[in-house]
Amino acid sequence: MKALKGKAPLLALAAAMPYSAAAQNVTLEVVSPSSVDPGESFTASLVASVSPSASIHAVAGFAIDIELLSDAAVVDSIASVAFSELPDGTRVTSVENDGITGIVSGQWANIAGSNPDLTTANPVVLCTFEVSVDANAAPGSTVELIAANPHALGGVFVFDASNPLQIISVPNDGGTSLSFVSSLTSVAAPCVADVNHDGFLTPTDFTAWLGAYNTQAPECDQNNDNVCNAFDFTAWITNYNQGC
Ligand SMILES: [Ca+2]
Ligand SMILES: [Ca+2]
């Protein structure tokens, strides 16, 4: 895991003064697809849920860390962080992202709650990001991602429903807590019989295999012996009949 770094976001500084809030918990869950093919990318979401729902007026911002719990070799990169935009057009004003792991922060509200009329869903998608899986990732390996609180000024910032001008820092303010739920995405076995990579097994894959055979393309090697020869024709039929 990389060392944490980065500046504290503005909201974190604004929320640095301790505040005794109504008891509430924010759960941060990373949501991702159940499986992915080697060499492909998937979109993961960071979703915040506030409980009890009545205690929150709006989400003001966040500064959290995205961490990769599984083997780093399975993942090439985590990038293209995108933040949710609220219906009124407001959006985050600061972003930090240092690659595979690092602090991701953003805010919707102005400092000190000067626009407390924000409305937001609960749960709310804080951001999404693209995860690129290594082309050589072993089938059955997993990608597990989790959010974490990066430092004393990090966390999720919400407006208190009973005092809408007051920003609450979760988990740093009294009575608040932050929980984390990780995602788990399995790397699927590649569908080698799908020679034309269109996601379907059809007779056109045989034509594609002939083309791969004639050009000695990697897709020719259906029995995975690193050689392209006539045995791969039989292997393609076997792989085709097994299905994907
Ligand atoms: Ca195909
Ligand atoms: Ca072969």
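Taking the condition out of contact with any strand residue (DSSP E or B) (no Cβ under 8 Å at 6 or more places or on another chain), at pLDDT 65 or above and in the same structural domain as D134 (by TED's automatic domain parsing), does A22 pass? Against the criterion (out of contact with any strand residue (DSSP E or B) (no Cβ under 8 Å at 6 or more places or on another chain), at pLDDT 65 or above and in the same structural domain as D134 (by TED's automatic domain parsing)), A22 does not qualify.
Table: residues versus (1) of a type in the set (A, V, I, L, M, F, W, C); (2) within 16 Å of ligand 2 (Cβ to nearest atom); (3) without any contact (Cβ under 8 Å) to a residue 60 or more places away in the chain; (4) under 24 Å from V36 (Cβ atoms).
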| site | (1), (2), (3), (4) |
| --- | --- |
| S169 | no, no, no, no |
| T176 | no, no, no, no |
| D225 | no, yes, yes, no |
| N239 | no, yes, yes, yes |
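Every condition in (1) of a type outside the set (G, A, S); (2) out of contact with any Cys (no Cβ under 9 Å at 6 or more places or on another chain); (3) buried (at least 19 other Cβ atoms within 10 Å of the Cβ) holds for N223 except the one numbered (3).
Scan region 214-221 and tell me whether some residue there is charged (D, E, K, R), outside the structural domain of F42 (by TED's automatic domain parsing) and more than 15 Å from ligand 2 (Cβ to nearest atom). Within region 214-221, none of the residues are charged (D, E, K, R), outside the structural domain of F42 (by TED's automatic domain parsing) and more than 15 Å from ligand 2 (Cβ to nearest atom).
Among the residues of region 213-222, the ones that are more than 14 Å from ligand 1 (Cβ to nearest atom) and either of a type outside the set (S, T, N, Q) or at pLDDT below 95 (or both) come to 5 in all.
The number of residues in region 123-141 being out of contact with any Gly (no Cβ under 6 Å at 6 or more places or on another chain) and surrounded by fewer than 16 Cβ atoms within 10 Å (Cβ to Cβ) comes to 6.
The single residue among T234, T142, T176 that is away from ligand 1 (no atom under 16 Å from the Cβ) and within 26 Å of H57 (Cα to Cα) turns out to be T176.
Candidates are the residues of region 159-172 that are of a type in the set (A, V, I, L, M, F, W, C) and at pLDDT below 85; the one that is surrounded by the most Cβ atoms within 10 Å (Cβ to Cβ) is I167. Among the residues of this structure, I146 counts as one that is modelled with pLDDT under 95 and under 25 Å from V36 (Cβ atoms). Looking only at residues of region 183-213 that are crowded, with 18+ Cβ neighbours inside 10 Å and polar (S, T, N, Q), we find that the one that is farthest from ligand 2 (Cβ to nearest atom) is S183.
The values are calculated or read from the model by the stated rules, or taken from the named source; none is laboratory data. As the structure is a computational prediction, the values presented were derived from the model and not from experiment. Methodologically, a virtual Cβ is constructed for each residue, glycine included, from the backbone with ideal geometry; neighbour enumeration extends over all protein chains shown.
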